[in-house]
Amino acid sequence: AALQRDAHASVRGAAAAQLARLRCVVELVRGLADPHVPLRLKVVGLLGDLADPDRCAPPLENALRADPDDSVRLAALDRLGRLGDPARAVDAAATADAALPVRELAVDWLAPLDRPRAL
């Protein structure tokens, strides 16, 4: 409840860290909707740190497609690349993201993913 309801971003961040420690992915993902960019960045990092592609890749892909902040999309792309199965999201980011750094990182991830067609 603190992740969604507390007025202070620091408390929401602490709640996110505890949810990650408990591996509560469904609850942690709610932090991706927070209005505070640093908290969304923290949640992206925590999801990537869980190293659970089945549960964490879908919300990271959604953040990559939909977050309005370039830094959050860039972090989501980086974490997807580290999870090892971001092919669809990386393909889309390489050609369609509005931010140049996101597209550049996506292109960097395409070769190791054996996606020459997207290059």
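The values are calculated or read from the model by the stated rules, or taken from the named source; none is laboratory data. Here the structure is a predicted model, which is why all the values come from computation and not from measurement. Neighbour counts run over all protein chains shown; Cβ positions are idealised from the backbone, glycine included. Side chains included, ligands, DNA and RNA excluded: accessible areas come from the protein's heavy atoms. Shrake-Rupley method; radii C 1.70, N 1.55, O 1.52, S 1.80 Å.
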The one condition in (1) modelled with pLDDT of 90 or more; (2) of a type outside the set (A, V, I, L, M, F, W, C); (3) more than 29 Å from VAL107 (Cβ to Cβ) that ASP52 fails to fulfil: (3)
Does region 42-56 include one or more residues that are open to solvent by 40 Å² or more (accessible area, probe 1.4 Å) and more than 19 Å from ALA17 (Cβ to Cβ)? yes
Is at least one residue of region 72-82 open to solvent by 30 Å² or more (accessible area, probe 1.4 Å) and modelled with pLDDT under 85? yes
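Return yes or no: is VAL90 open to solvent by less than 30 Å² (accessible area, probe 1.4 Å), out of contact with any Lys or Arg (no Cβ under 8 Å at 6 or more places or on another chain) and β-branched (Val, Ile, Thr)? Reasoning before the result, please.
Values: open to solvent by less than 30 Å² (accessible area, probe 1.4 Å): yes; out of contact with any Lys or Arg (no Cβ under 8 Å at 6 or more places or on another chain): no; β-branched (Val, Ile, Thr): yes.
No; evaluated as a whole, the condition is false for this residue.
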